[in-house]
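Visitor: Before I ask anything, here is the structure I am working with.
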Amino acid sequence: MKITTKIIIALIAGAIVGIVLNVTAPDVFKVLDTWLFNPLGQIFLSLIKMLVVPIVLFSIILGFNGLGDPKKLGRIGIRTILYFLVTTSIAIVIAITLALIFKPGEVGEFDTSNAQFSAEEAPPVSETLLNIIPSNPFAAMTSGDMLQIIVFAGFIGFALSMLGDKTKGIVNLVQQGNDIMMYLVGIVMKFAPYGTFGLLASAIGSQGFSAIKAMGLYFALVLAALIIHLFITYGGTVYFLGGRRNPFKFFKDFTPAMSVAFSTSSSSAVLPISMEIAQDNLKVPKHISSFVQPLGSTINMDGTAIMQGVATIFIAQVYGVDLSLGQLVTVVLIAVLASIGTAGVPGVGLIMLAMVLQSVNLPVEGIALILGIDRLLDMARTAVNITGDAACAVYNTAAEEKRENKVAR
């Protein structure tokens, strides 16, 4: 049975068990929550938190190392990187805006007394920007200061790319470390159905129908943000920047790749198919497709950024925390920078969400509130991610054709 099917079954089972015990046997629920539901969920959350720092360190180093390759930082490379950074920023702004307007975390009543969490006053934006360079990188990794870890990893990645063959052994070592982390993510995700069952049964069993209502609104907002970004941002790209192409024909031609992405929840797994369809159906030249789409599967994670934006606001509202403007800017900055190194495999989005929550002093335990339905959203946001890669490839194709026409004249 596929992991997706297992998680969906666990999602339904956890919701049913939680609501039945909440209504019929609250005393039995308390015993089961203490000895079964809560431990299952907490073990899963601990496994996620265990991987946050190393996976961020390795993946960001590799991401910047690839971007810093002088052969890739040409005209198409700069255009592609800027496009991905801009669209990721647009994506998370859409997500945060919807979450602030509809306030999904204020719909239900949640018991957060067990979280042992108290909000800390966020530092001003200027202080955040000044502190992003770590005076002690190892202390930053120990304390989990994600902005400092990202900056440190970025410097290492850039240095490795500039030194080239001199540091090939280090690059291989980092790649092997990243492979180990990805393997561990796979192992952790095998435990996801049990963690999902425990977390959802615990959340719904203690909260009742109000939790279901709040999580349903969260689900709807993430889906709405994904759809808005898909049609407005990417549709606008292929029309205004892609040589006036018909957006609807673009989506129709790329639908086969989107379908595979939806079923696999992995940008990396669907990469060969998405490249083939872009070259055959969208008429993207092979040299552009071969550069833009693999790069996009590594650094273009708009769908993941949308989830992080809505989830962060949702969890803040549940815990009664008013995020300052500086914290909102930090969320955008972290999500955009994290997208550079987020691996295109299922489950990594939750690792990155833990990093975003830590950066604005929100409890990682809040992930429990959205974990049960995240797998369904992961499928949708993967389809959005690869569509953004294809839209960028179309944009580059039109830009290069326009430049060649000018040169020919």
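Visitor: Among ASP302, ASP322, which is the only one that is charged (D, E, K, R), modelled with pLDDT of 85 or more and either within 11 Å of the chain's Cα centre (by Cα) or crowded, with 24+ Cβ neighbours inside 10 Å (or both)?
Guide: Criteria check complete, one pass: ASP302.
Visitor: I want to confirm something. Restricting to the stretch 216-236 and keeping residues that are under 18 Å from the mean Cα position of the chain (by Cα) and under 30 Å from ASN22 (Cα atoms), which single residue is surrounded by the fewest Cβ atoms within 10 Å (Cβ to Cβ)?
Guide: ALA220
Visitor: Would you mind finding the one in ARG403, ARG409 that is at pLDDT below 75 and farther than 21 Å from ILE94 by Cα? Give the derivation first.
Guide: On the way: ARG403 fails: at pLDDT below 75.
The conditions single out ARG409.
Visitor: Next question. Which residues, counting only those in the stretch 156-178, are free of Cβ contacts under 8 Å to residues at least 60 places away in the same chain and under 27 Å from VAL331 (Cα atoms)? Spell out the reasoning first.
Guide: Here is the first cut: in the stretch 156-178, the ones free of Cβ contacts under 8 Å to residues at least 60 places away in the same chain are 159, 163-170, 172-173, 176.
Within the stretch 156-178, ALA159 is the sole residue that qualifies.
Visitor: Applying the selection to the stretch 158-180, what residues are modelled with pLDDT of 85 or more and in contact with a Phe, Trp or Tyr (Cβ under 6 Å, 6 or more places away or on another chain)?
Guide: Within the stretch 158-180, VAL174, GLY177 meet the criteria.
Visitor: Looking at (1) modelled with pLDDT of 75 or more; (2) buried (at least 19 other Cβ atoms within 10 Å of the Cβ); (3) not in a helix (DSSP H, G or I), which one does PHE110 not meet, given that it meets all the others?
Guide: (1)
Visitor: Select from the stretch 267-288 the residues that are among the polar types (S, T, N, Q) and either surrounded by fewer than 24 Cβ atoms within 10 Å (Cβ to Cβ) or over 22 Å from ARG381 (Cα atoms) (or both) and list them in ascending order. If you could, list the steps in order and put the result at the bottom.
Guide: Restricting attention to the stretch 267-288, the residues satisfying the condition of being among the polar types (S, T, N, Q) are 267-268, 274, 279, 281.
Those that are among the polar types (S, T, N, Q) and either surrounded by fewer than 24 Cβ atoms within 10 Å (Cβ to Cβ) or over 22 Å from ARG381 (Cα atoms) (or both): SER268, GLN279, ASN281.
Visitor: Test LEU241 against the stated conditions and say whether it is among the hydrophobic types (A, V, I, L, M, F, W, C), in contact (Cβ under 8 Å) with a residue 12 or more places away in the chain and buried (at least 24 other Cβ atoms within 10 Å of the Cβ).
Guide: no
Visitor: In this structure, is LEU200 under 22 Å from VAL384 (Cα atoms) and buried (at least 18 other Cβ atoms within 10 Å of the Cβ)? Steps first, answer last, please.
Guide: Values: under 22 Å from VAL384 (Cα atoms): no; buried (at least 18 other Cβ atoms within 10 Å of the Cβ): yes.
Against the criterion (under 22 Å from VAL384 (Cα atoms) and buried (at least 18 other Cβ atoms within 10 Å of the Cβ)), LEU200 does not qualify.
Visitor: For residues in the stretch 138-157 being touching a Pro at 6+ places or on another chain (Cβ under 6 Å) and modelled with pLDDT of 85 or more, which is farthest from ALA354 (Cα to Cα)?
Guide: In the first step, residues of the stretch 138-157 are kept if they are touching a Pro at 6+ places or on another chain (Cβ under 6 Å); the result is 140, 148, 152.
Going one step further and asking which of them are modelled with pLDDT of 85 or more, we end up with 140, 152.
Working: ALA140: 16, PHE152: 19 Å.
Looking at the filtered set, the residue picked out is PHE152.
Visitor: So PRO134 fits all but one of (1) over 30 Å from VAL28 (Cβ atoms); (2) touching a helix residue (DSSP H, G or I) at 6+ places or on another chain (Cβ under 7 Å); (3) in a helix (DSSP H, G or I); what number is the exception?
Guide: (3)
Visitor: If a residue must be under 21 Å from VAL171 (Cβ atoms) and touching a Phe, Trp or Tyr at 6+ places or on another chain (Cβ under 6 Å), how many such residues does the stretch 33-64 contain?
Guide: 1
Visitor: Right, here's the next one. Restricting to the stretch 197-233, count the residues that are farther than 25 Å from LEU100 by Cβ, at pLDDT below 75 and among the polar types (S, T, N, Q). Talk me through it step by step, then tell me what you get.
Guide: Within the stretch 197-233, the first condition is being farther than 25 Å from LEU100 by Cβ, and the residues that meet it are 197-202, 204-206, 208.
Subset that is at pLDDT below 75: 206, 208.
Then keep just the ones that are among the polar types (S, T, N, Q); that gives 206.
The total comes to 1.
Visitor: Continuing with the same structure: What's the total number of residues in the stretch 157-174 that are under 24 Å from the mean Cα position of the chain (by Cα) and surrounded by fewer than 19 Cβ atoms within 10 Å (Cβ to Cβ)?
Guide: Going residue by residue through the stretch 157-174, those that are under 24 Å from the mean Cα position of the chain (by Cα) are 157-158, 174.
Still in the list and also surrounded by fewer than 19 Cβ atoms within 10 Å (Cβ to Cβ): 158.
Count: 1.
Visitor: List every residue pair whose Cβ atoms lie under 7 Å apart, where the two residues are 6 or more positions apart in sequence or sit on different chains, the first residue falls within the stretch 274-285 and is within 12 Å of THR255 (Cβ to Cβ), and the second residue, located anywhere, is β-branched (Val, Ile, Thr).
Guide: The qualifying pairs are SER274/ILE386; LEU282/VAL394.
The values are calculated or read from the model by the stated rules, or taken from the named source; none is laboratory data. Keep in mind that this is a model prediction, so the values were computed, not measured. Every residue, glycine as well, gets a Cβ built from its backbone with ideal geometry; the counts of neighbours run over all protein chains shown.
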